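Beneath this line is the structure, given in structure tokens, with notes to follow.
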Amino acid sequence: MEIRKHSSLVRWFVLVVVSLHVLYVNVYDLIVKQNTIPQITEKYKSLFVPAPFTFSIWIVLYILFFVYAIYQLLPSQKGKELFDDIALPFMISITLGIWWGITYHFELIGLSMIPIIGMLVFAFSVYREIYYAYLYDECPKWYLYPFSIYFGWLIVASLANLTIWLVSIGSNNILFSEMLMGRILALLIFIIGISLSVKYWDFVLPLAIAWGLVGVYIGQKDSAPPVAGAAIFFAIILIVWSTIVTFIKKTPRLENLPR
């Protein structure tokens, strides 16, 4: 009985943390109207920052997070241990998002790299846990897709955040020209997206990354055509690859499953 009460309490905390994250990140910009996230991003604009419309993906994520947070509380889901297993890493990732918002609003861009990397790490932890649960027939694969979008977007956002930090400290041209750096990052994200999609046979994650690259193309096509060209080139390949994965079913070998 105590274990069940603890499980129920943790799941309710998931809903609370999601609500706090959404309220802070969005209400702050509406109320304060100074040093908003878009304003700071524009102030330290790099050649790898996506166009503003791209960040509307967070609307989709917030809706999915609320649906998930409510769904896991349904009486019919009480027996699913998976939701208990992913509750803590998911809450940590979302809480780090609040920390990221605070550091970013105060223009502590370097410090903001810590929470966004933490968000990425714990998002991957959730993603992998759900994938393994799917392999063992403990849940349908569609459970994975909201976190595919979240994890995929964070890959793009983390590298964009890195370039903004480099611009803020005037180090965006130390190793390479910013133009070359943008193309290298587009290639890097492409390789990461394809590799993860192959490993987890996931068609949603590369689409989330492609969305970010399309945003880079739109945002940089006038100011940095080479970066924009690389971004849209790799985005198209990711979309094509995602289509292939959608129509080809792949059954994992039992001997390769984690123990």
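Quick note: the coordinates plus some simple rules give every number you see, no bench work behind them. This is a predicted model, so every value here is computed, not measured. Note: ideal-geometry Cβ built from the backbone for every residue, glycine included; neighbour counts use all protein chains shown.
Between residue 137 and residue 223, the contour length at 0.36 nm per residue exceeds the alpha carbon distance by 26.1 nm. Between helix 204-220 and the chain there is an angle of about 20 degrees, using the helix long axis and the longest principal axis of the Cα atoms. Okay, which of the range 73-116 sit inside 15 Å, backbone N to the point 7 Å along the Cα-Cβ direction of residue 8? The answer is 73-80. Note on the chain: lysine pairs with Cα distance below 22 Å, sequence gap of 8 or more or different chains, count 13. What separates the Cα centres of the range 7-39 and the range 176-215 is a distance of 28 Å.
Between residue 171 and residue 243, the contour length at 0.36 nm per residue exceeds the Cα-Cα span by 22.1 nm.
To two decimal places, what compactness ratio does the range 1-141 give when its Cα radius of gyration is scaled by 2.2 N^0.38 Å?
Compared with the compact-globule rule of thumb, the range 1-141 sits at 1.18.
For the range 32-46, putting each phi into the Karplus relation 6.51 cos²θ - 1.76 cosθ + 1.60 with θ = phi - 60° gives couplings of 6, 6, 10, 6, 6, 4, x, 5, 5, 4, 5, 4, 10, 4, 10 Hz, in residue order, rounded to whole numbers and with x for Gly and Pro.
With a Förster radius of 30 Å applied to the C-beta separation of residue 191 and residue 106, the computed FRET efficiency comes to 0.35. With a simple spin-label model that places each label point 7 Å from the Cα along the Cα-to-Cβ direction, the separation between residue 23 and residue 99 comes to 2.1 nm.
Summary value for the chain: 23 percent relative contact order, contacts being C-alpha pairs under 8 angstrom separated by 6+ residues.
Counting only DSSP H runs of at least 4 residues, each contributing -39500 (n - 2.57), and dividing by the residue count of the chain, the helix-based mean residue ellipticity at 222 nm comes to -26000 deg cm²/dmol. In this simple spin-label model, placing a label point 7 Å from the Cα along the Cα-to-Cβ direction at both residue 67 and residue 233 gives a separation of 3.6 nm.
Each 5 Å bin from zero holds the following percent of Cα-Cα pairs in the range 187-242: 5, 25, 31, 20, 11, 6, 2, 0.
If one computes P(r) from the Cα atoms of the range 37-114, what percent of pairs lie at distances over 22 Å?
Percentage above 22 Å: 41.
Take the Cα radius of gyration of the chain and divide it by 2.2 N^0.38 Å, N being the number of residues; the result is 1.05.
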